[in-house]
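Every read-out reported here was derived from the displayed coordinates using simple, explicitly stated rules and does not represent laboratory data. Just so you know, these numbers come straight off a predicted model, no measurement behind them. Heads up, the Cβs are rebuilt from the backbone with ideal geometry, glycines too, and the neighbour counts pull from every protein chain shown.
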């Protein structure tokens, strides 16, 4: 039996097709489970990921061990969500923007593609800033912290570091996906070696109280009963939202894998094992650093570059800076550069190539990252994460409910690239207005849980609420709209 991705497209419409968006046949896929494992392993290792984990550990008000458990539970949920999101792309070899055409319409899919691109660009800019702090760490260690006047919250060393980090990412992107994969294979293990070395150095200074400190140092007597439950689930929800940008377009990676089994195994090992190790190290380093070092305000440090700087060891500082920089650059290109490049290319495939879309992403991301210190960071990283996740959540629910529950895992591949009014995904002039309504309904409520004080207790659930509402609205609004012909493959 011919694999669905082997189906030959007959006269795909130029406005819907280019080589980057075309179905990828199984015989041209070069990824196995290890490549998926490696994507997750490196995605988890970013400086922003550490900062978020440390922030939750400090602010949740519950034992560090329970924060650790909550993050692992989030990893299990993310694994299930990615298995669902990746399966259709493994089957048909299509990226996220093309899959979205089935639920949103062949033209309407530009909307979720642009939304995903905007969110990714925000994340790209934020991660670029975090990567630049590693460059600044090394430069300040070598130059003796020259300081100087600041502009938008950053001195000249910080700005130079930001430009260097931005340029390195573009250079890495231009090398192509295969070079990026090889790059991550080397950098990933190095990050863990540096973190373990940092933990050992801190543990020696802190003495024997580290194990007890993890459980008690940031826990609060006021967080008990229902407040404890809400804090625990809030950590889970925020971590799910953190990975939401990768979850929704996981098909961009899954389409490179040969089988669904390889994808699922890569998700299991990459997410659960890597998240457990990274979170363990993050929690212990944060607790130990608070015992041994504190910043000028006596507050705990959440950025590992600040902790390394406090160690006052030039060699460790430079080594850690280079390692954290490379790891953050690598995964930023994979998780926040490639997806918007696909998405923006989908808007005008015949005019915007994958590479051109990547340059657009880099330019817009540069502006976002430059505003991080002076503007965006003022809302706090957890709130920033929850907001972006709340925007993406309804789209995930709509696409998944449409594929599994409405279309019963059957797509008409030809119609995904056709502008025919008789195509299964034409709807109303290429737009499925019902799906847009479903998105608006889900997004309004999920975003409100983050920003409206009266709903603040639900902030950690923003992604989950938005995804459920988007899926439910899609099913209700599409009832009776799908025929048996729409469920018949076009092969």
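The table that follows gives values for the structure above.
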| read-out | value |
| --- | --- |
| Rotationally averaged projected area of region 193-296 (alpha carbon convex hull; nm²) | 9.8 |
| Spherically averaged projected area of region 309-458 from its Cα convex hull (nm²) | 13.7 |
| Percent of Cα-Cα distances greater than 35 Å, calculated over the chain | 31 |
| Computed FRET value (nearest 0.05) for residue 212 with residue 410, which takes r as the C-beta separation and R₀ as 60 Å | 0.60 |
| Relative intensity, log₁₀ I(q)/I(0), of region 395-485 from a Debye sum that treats every alpha carbon as a point, q = 0.14 Å⁻¹ | -0.55 |
| Gained length - residue 273 relative to residue 375, 0.36 nm times residue gap less alpha-carbon distance | 33.2 nm |
| Shape of region 80-145, Cα gyration tensor, a/c cut at 1.5 | prolate |
| Using a Förster distance of 41 Å, the FRET efficiency for residue 163-residue 487 (Cβ separation, nearest 0.05) | 0.20 |
| Cα coordinate range in region 6-71, projected on the principal axes (Å, largest first) | 59, 28, 19 |
| Rounded to 10°, Cα long-axis angle of helix 338-347 versus longest principal axis of the chain | 30 |
| Cα gyration tensor shape for region 1-156, rounded if a/c is under 1.5, else prolate or oblate | prolate |
| Efficiency of FRET from Cβ geometry, residue 11 and residue 476, R₀ 35 Å, rounded to 0.05 | 0.50 |
| Acute angle (nearest 10 degrees) that the helix 110-143 long axis makes with the longest principal axis of the chain, alpha-carbon atoms | 20 |
| Between helix 462-477 and the chain: long-axis angle, C-alpha atoms, 0 to 90°, nearest 10 | 10 |
| Length-normalised contact order of the chain in % [C-alpha pairs under 8 Å, at least 6 apart] | 31 |
